[in-house]
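The values are calculated or read from the model by the stated rules, or taken from the named source; none is laboratory data. Everything quoted here is computed from the prediction, not taken from an experiment. Cβ sites come from the backbone with ideal geometry, for glycine too, and all protein chains shown count toward neighbours. Each accessible area value is taken on the protein alone, full model and side chains, heavy atoms only, with ligands, DNA and RNA left out. Shrake-Rupley method; radii C 1.70, N 1.55, O 1.52, S 1.80 Å.
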Amino acid sequence: MSEKENNMKELLDRAAYLRGLAAGMGLDESRNENKLLVQLVGLVDELAKKLADLDGEVGELSEYVEDLDSDLADMEDALFDDECEGCEEEDCEGCHVHDEELSFDCPHCGHTVMLKASDIDFEESPVCEKCGQPFFTDTEDDE
């Protein structure tokens, strides 16, 4: 168990202990100070549970972001790597490394098109062969 998981378990355990302690005291909730104490213990318990849920969600998001970062790094390598690992020449043309195919789904019709990394023109968006629409729109023109 990681330190983070251990801390979260300890927090939940402490909240459960407080809840049990308050229940075991048999507090008369008709008295204002006891009502306040019972409500505070309930609030602490609820906050601890919500915090544990959020911690789990943040962990999942962190893993997802790491996966996206790795995928992006792979794509950057395929598109922008000037040094070819296959033939070890700069600006190599036509070798297997620069002919790596990338898959794009058209945002308009969903058709999948395979493009070679070396064929991508960064000045113009690739056009879908099925519907004729560009894959990427220029955000400056849209505004």
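Structure summary
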{"item": "Under Karplus coefficients 6.51, -1.76 and 1.60, residue-wise ³J(HN,Hα) of segment 6-14 in Hz, glycine/proline x", "result": "5, 4, 5, 5, 5, 4, 5, 5, 5"}
{"item": "Amide H partners (placed H, <5 Å) of residue 111, local residues excluded", "result": "106"}
{"item": "³J(HN,Hα), Karplus 6.51/-1.76/1.60, whole Hz, each residue of segment 74-80, x for Gly, Pro", "result": "4, 5, 4, 4, 5, 8, 10"}
{"item": "Pairwise FRET efficiency - residue 105 versus residue 74, Cβ, R0 = 30 Å, nearest 0.05", "result": "0.95"}
{"item": "Rounded to whole Hz, the Karplus (6.51, -1.76, 1.60) HN-Hα couplings of segment 55-72, x for glycine and proline", "result": "4, x, 5, 5, x, 4, 5, 4, 4, 5, 5, 4, 5, 4, 4, 5, 4, 5"}
{"item": "Amide hydrogen neighbours beyond the local backbone of residue 116, cut-off 5 Å, H modeled", "result": "102"}
{"item": "Segment 1-43 - percent of accessible surface contributed by carbon and sulfur, probe 1.4 Å", "result": "56"}
